[in-house]
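Structure record follows, encoded as structure tokens.
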Amino acid sequence: AIARVLAREGAHVICLDVPQQQADLQKVASEISGSALTVDITSDDAGAEIADAAQKRGGLDSVIHNAGVTRDKTLARMDEKKWDMVIDINLGSIAKLNRYLLDNDVLKENARIVCVSSISGIAGNMGQTNYATSKAGVIGLVDATAKQLEDNAKGMTINAVAPGFIETQMTEAIPFAIREAGRRMNSMSQGGLPVDVAETIAWLASPASGGLNGNTVRVCGQSLLG
Ligand SMILES: NC(=O)c1ccc[n+]([C@@H]2O[C@H](COP(=O)([O-])OP(=O)(O)OC[C@H]3O[C@@H](n4cnc5c(N)ncnc54)[C@H](O)[C@@H]3O)[C@@H](O)[C@H]2O)c1
């Protein structure tokens with residue numbers, strides 16, 4: 001949905017996902033006349049591969065850090081592997097890739113960095129300590145990086161969206177009762193749609209949001225959580 005909305009706004013979108021998702025990725029990229037890049041963002045050469053694809057198009061006007069995973073378990077049952085994996089994909093990769101893209105001048109002047117947090121990162125959530133920690137970390141990272149971008153004085157900004165319950169394959173995997181509770185947690189008693197989040201991201205990726213830096217915008221249908 002994010003790729004489609006950005007393409008509608010005139011962007012050439014480099015769509016990225018893990019190699020296992022190549023077929024779906026290629027389908028979306030072709031539909032919007034964008035490009036497909038299969039990279040695991042936790043790999044050591046992820047920054048270089050993204051930079052290479054971006055430089056072929058003259059650099060990046062914006063980067064959207066949307067990739068994310070859940071590995072839900074109550075804290076007592078959480079093993080180290082699940083903890084590290086979620087923190088690494090949802091938070092560590094954003095920090096690592098931002099540094100690489102900034103250090104190597106892949107981001108153009110006035111570039112927009114948009115990160116995807118979650119209301120779990122604001123309110124916490126039972127059984128999601130690893131996920132909530134990673135998403136709270138995203139908000140902190142955005143805050144800290146905003147100051148760094150101001151010092152760079154290249155007109156770049158970084159902001160985040162914090163979605164509430166959105167109907168995607170991630171939430172499809174949640175047990176029915178919890179899923180239904182998630183839907184009813186907002187003022188419209190329904191799950192949000194990916195396009196709701198995509199429209200806010202497209203705005204944060206556009207020149208129109210130039211007055212915002214270091215903000216987290218909730219897209220949650222006025223959720224009771226947080
Ligand atoms: N669905 C919700 O209710 C909800 C709520 C709040 C925040 N979010 C966040 O929104 C973002 C998108 O989630 P979604 O619901 O569309 O989930 P999704 O599972 O449908 O999509 C996530 C995508 O990230 C990709 N990905 C995972 N690990 C990767 C890696 N190492 N390298 C590259 N790509 C990787 C997956 O292959 C998948 O295509 C995530 O950051 C998620 O945490 C979702």
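Within the stretch 13-30, the presence of a residue that is touching a residue at least 24 places away in the same chain (Cβ under 8 Å), of a type outside the set (A, V, I, L, M) and either more than 14 Å from the ligand (Cβ to nearest atom) or in a helix (DSSP H, G or I) (or both) is excluded. Each residue in the stretch 93-116 was checked for being within 15 Å of the ligand (Cβ to nearest atom) and within 13 Å of G59 (Cβ to Cβ), and 0 pass. Just need a number here: residues in the stretch 33-61 that are more than 26 Å from T133 (Cβ to Cβ) and either outside any loop (DSSP other than H, G, I, E, B) or open to solvent by less than 30 Å² (accessible area, probe 1.4 Å) (or both). The number of residues fulfilling the criteria is 15. Within the stretch 119-135, being in contact with a strand residue (DSSP E or B) (Cβ under 8 Å, 6 or more places away or on another chain) and among the small types (G, A, S) holds for S120, G121, G127. Please tell me if M126 is part of a loop (DSSP other than H, G, I, E, B) and out of contact with any helix residue (DSSP H, G or I) (no Cβ under 6 Å at 6 or more places or on another chain). Taking the combined requirement at face value, the residue satisfies it. Could you tell me whether A53 is more than 12 Å from the ligand (Cβ to nearest atom) and among the hydrophobic types (A, V, I, L, M, F, W, C)? Yes: the conditions hold for A53.
Only a single item in (1) closer than 16 Å to R4 by Cβ; (2) open to solvent by less than 80 Å² (accessible area, probe 1.4 Å) is not met by G226, and it is number (1).
One line per residue, one yes/no per condition, for (1) within 21 Å of the chain's Cα centre (by Cα); (2) closer than 27 Å to G127 by Cα:
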position	(1), (2)
I158	yes, no
V161	yes, yes
T171	yes, yes
I178	no, yes
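Scan the stretch 31-50 residue by residue and report those that are closer than 23 Å to N90 by Cβ and more than 14 Å from the ligand (Cβ to nearest atom).
A48 - this is the single residue of the stretch 31-50 that is closer than 23 Å to N90 by Cβ and more than 14 Å from the ligand (Cβ to nearest atom).
Which of the residues belonging to the stretch 131-177 are open to solvent by 60 Å² or more (accessible area, probe 1.4 Å) and within 12 Å of the ligand (Cβ to nearest atom)? The answer is E167, Q169, M170, E172, A173.
Taken together, D61, D72, D52, D103 contain a single residue that is more than 22 Å from V5 (Cα to Cα) and either touching a residue at least 24 places away in the same chain (Cβ under 8 Å) or touching a strand residue (DSSP E or B) at 6+ places or on another chain (Cβ under 8 Å) (or both), which is D72. Select from the stretch 178-190 the residues that are out of contact with any helix residue (DSSP H, G or I) (no Cβ under 6 Å at 6 or more places or on another chain) and in a loop (DSSP other than H, G, I, E, B) and write down the one among them that is most open to solvent (accessible area, probe 1.4 Å). Within the stretch 178-190, the match that is most open to solvent (accessible area, probe 1.4 Å) is M188. Among the residues of the stretch 62-92, those identified as of a type in the set (S, T, N, Q), open to solvent by 30 Å² or more (accessible area, probe 1.4 Å) and within 9 Å of the ligand (Cβ to nearest atom) are N66, T70.
The values are calculated or read from the model by the stated rules, or taken from the named source; none is laboratory data. Owing to the predicted nature of the structure, the values given are computational and were not obtained by experimental measurement. As a convention, Cβ positions derive from the backbone with ideal geometry for all residues, glycine included, and neighbour counts pool all protein chains shown. Accessible surface areas use protein heavy atoms only, side chains included; no ligands, DNA or RNA. Shrake-Rupley method; radii C 1.70, N 1.55, O 1.52, S 1.80 Å.
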